[in-house]
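Heads up: the structure comes next, in structure tokens.
The values are calculated or read from the model by the stated rules, or taken from the named source; none is laboratory data. In this text the structure is predicted, and so the values were computed from the model without any measurement. Heads up, the Cβs are rebuilt from the backbone with ideal geometry, glycines too, and the neighbour counts pull from every protein chain shown.
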Amino acid sequence: MKMKPYLILPIFVLAIFASVNQASANYSVYVSINDAYYADLDGDLIADDIKLDLTLEIYNYNFYTSVEVYVGVTLPSGTEYWFVITLDVYKSTTYYGTGLDVNLYDTATEAGWYTANAVGFASGESYSVMESLSFDPPGGYLPGNPSISATTY
Ligand SMILES: [Ca+2]
């Protein structure tokens, strides 16, 4: 009777490896955050905008891939701003990588620590990995209307 727990252990370990393999095969778009900081990006002389320096990587082979990149910031008060960038990617290899430069205008409106978030999905995918990075713009500013611009480089 005392042997039963030892028989269960190997089965449990196999189940963990199986779930890890399945998870890694379920997404093909990965967005990493290289840097996040505040600045005056819209030229209104107020440093109330947030710059996100991202890298977008696509690992599957499809000549055409539609990718949705969700980018967001969580303010010190808990307020969240989320934006969706849709990219149509035409590629001829199994890997495509590009820099993605994102400006979030009029979003740095509170004093304290901010968290930047980014995650990407290929069309039809429901699972991916979200990246987060905390940073600290100084001071608080009068809010405008949050908006976004994004360019690849
Ligand atoms: Ca500004």
**Request:** Check the range 61-75 and report whether any residue there is modelled with pLDDT of 95 or more, touching a Leu at 6+ places or on another chain (Cβ under 8 Å) and of a type in the set (S, T, N, Q).
**Result:** no
Note on the range 79-118: residues touching a strand residue (DSSP E or B) at 6+ places or on another chain (Cβ under 9 Å) and small (Gly, Ala, Ser) are Gly97, Gly99, Ala108, Ala116, Ala118
Considering residues that are under 14 Å from Pro146 (Cβ atoms) and free of Cβ contacts under 8 Å to residues at least 12 places away in the same chain, the number found within the range 45-78 is 0
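Look through the range 97-118, keep the residues that are surrounded by fewer than 19 Cβ atoms within 10 Å (Cβ to Cβ) and under 17 Å from Glu57 (Cα atoms), and return whichever of them is nearest to the ligand (Cβ to nearest atom). Before the answer, list the steps.
First, pick out the residues of the range 97-118 that are surrounded by fewer than 19 Cβ atoms within 10 Å (Cβ to Cβ): 97-99, 101, 103, 105, 110-113, 115.
Restricting the remaining residues to those that are under 17 Å from Glu57 (Cα atoms) gives 97-99, 101.
Working: Gly97: 30, Thr98: 26, Gly99: 22, Asp101: 16 Å.
Checked the range 97-118; the qualifying residue nearest to the ligand (Cβ to nearest atom) is Asp101.
Output the strands (runs of 3 or more DSSP E) that fall wholly within the range 42-134 and possess 3 or more residues being of a type outside the set (A, V, I, L, M) and within 11 Å of the chain's Cα centre (by Cα), or say none. Spell out how you get there, then give the answer.
Values: elements: 49-58, 64-74, 80-90, 96-105, 114-122.
Output list reads 64-74, 114-122.
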Ser134 fails exactly one of (1) surrounded by fewer than 14 Cβ atoms within 10 Å (Cβ to Cβ); (2) at pLDDT 85 or above; (3) at positive phi, namely (3)
